[in-house]
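Read the structure below first, then the notes.
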Amino acid sequence: MSHLSVNADPLATSPTRAASPVPELSVVVPVHNESANVGPLIAEIRAVLAAFGEYEIIYVDDASSDDTVRVLQTIRQDCDRLRIVRHRNNCGQSTAVRTGVGAARSAWVVTLDGDGQNDPADIPKLWARRPQTLDLSVPQIICGHRHVRRDSAIKQVSSRLANAIRGALLKDNTPDTGCGIKLFPRQAFLDLPYFDHMHRFLPALFLRAGGKVVSVAVNHRHRTRGKSHYGTLGRLWVGIFDLIGVAWLQRRMRLPVIEGDGREN
Ligand SMILES: Nc1nc2c(ncn2[C@@H]2O[C@H](COP(=O)(O)OP(=O)(O)O)[C@@H](O)[C@H]2O)c(=O)[nH]1
Ligand SMILES: [Mg+2]
């Protein structure tokens, strides 16, 4: 895996973070009641990134009521790459991702679902597709596309339907916006408008910011431990509501092209 030449990390000089070297990649994993999945997934991430150089893994625990935090703290004793951030209150997946991206020290962040359905072995594939130079005026997101879904039939059908409607309305040019594995520049993500459930609309939001979207075929696996957090009907209904909001955001976007270097006055 090649290495990044840029360091656009605005938090690198923060006093609490200055001690360890700035990582090139932050892996952000939102979790809620995933105690049985934490250990196996962290082991996989570490194995895949063993040759990577500097990286960090940030788990955001979204007020789990099970053993998730205890398991994370035990693993942390032998893994100084692991950082644990905790919400006191349950805020949902999007907010947990945002908390993790905010805490990240790298210019590039990759997200993974915490249930093991995304395969960490795909991280290098996404990494290879990033632009060599980080240009925040054309922010690029690299999205996983689960070409073979390992979910129940009803979830597959509802997800296909949601992607088709979303694609037709938002023209986000992305076959699978809900896939949890995505790579993007940290700052570009933090510059996006924030709202609950935004994690399903990242391609549209990157395009809205003048960016680019790349989709990469990735592996998808069955959930073998723990329980899914989303019911089909609830997700569809919230999805329609959010779709209208994102369509509005798109129509209200104006991207200024600055004359000169913008510092003349
Ligand atoms: N932080 C947080 N993560 C959540 C929440 N709901 C789901 N997740 C996480 O989001 C990821 C995807 O959720 P999952 O239940 O697997 O959704 P599904 O694959 O669409 O059924 C998993 O890592 C969950 O732990 C939540 O309320 N907060
Ligand atoms: Mg899942």
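Which residues, counting only those in the range 53-75, are surrounded by 17 or more Cβ atoms within 10 Å (Cβ to Cβ) and of a type outside the set (Asp, Glu)? Passing the criteria: TYR55, ILE57, ILE58, TYR59, VAL60, SER64, THR68, VAL69, VAL71, LEU72, ILE75. Of the residues making up the range 212-235, at least one is more than 21 Å from PRO120 (Cβ to Cβ), modelled with pLDDT of 95 or more and away from ligand 1 (no atom under 12 Å from the Cβ). Apart from one condition, ALA121 fits all of (1) under 20 Å from PHE52 (Cβ atoms); (2) of a type in the set (A, V, I, L, M); (3) part of a loop (DSSP other than H, G, I, E, B); the exception is (3).
Considering (1) of a type outside the set (Val, Ile, Thr); (2) without any contact (Cβ under 8 Å) to a residue 40 or more places away in the chain; (3) more than 19 Å from ALA162 (Cα to Cα), the lone condition that TRP248 does not fulfil carries the number (3). The numbered conditions (1) within 25 Å of GLY116 (Cβ to Cβ); (2) away from ligand 2 (no atom under 16 Å from the Cβ); (3) among the hydrophobic types (A, V, I, L, M, F, W, C) are all true for ILE181 except (2).
Within the range 161-179, is even one residue buried (at least 18 other Cβ atoms within 10 Å of the Cβ), of a type in the set (Asp, Glu) and farther than 17 Å from THR111 by Cα? Yes, that holds for at least one residue.
Here ARG98 meets the list (1) part of a helix (DSSP H, G or I); (2) charged (D, E, K, R); (3) within 16 Å of ligand 2 (Cβ to nearest atom) almost entirely, failing just condition (3).
The values are calculated or read from the model by the stated rules, or taken from the named source; none is laboratory data. Keep in mind the model is a prediction, meaning the values are calculated, not measured. Reconstructed Cβ throughout: ideal geometry from the backbone, glycine too, with neighbour counts over all protein chains shown.
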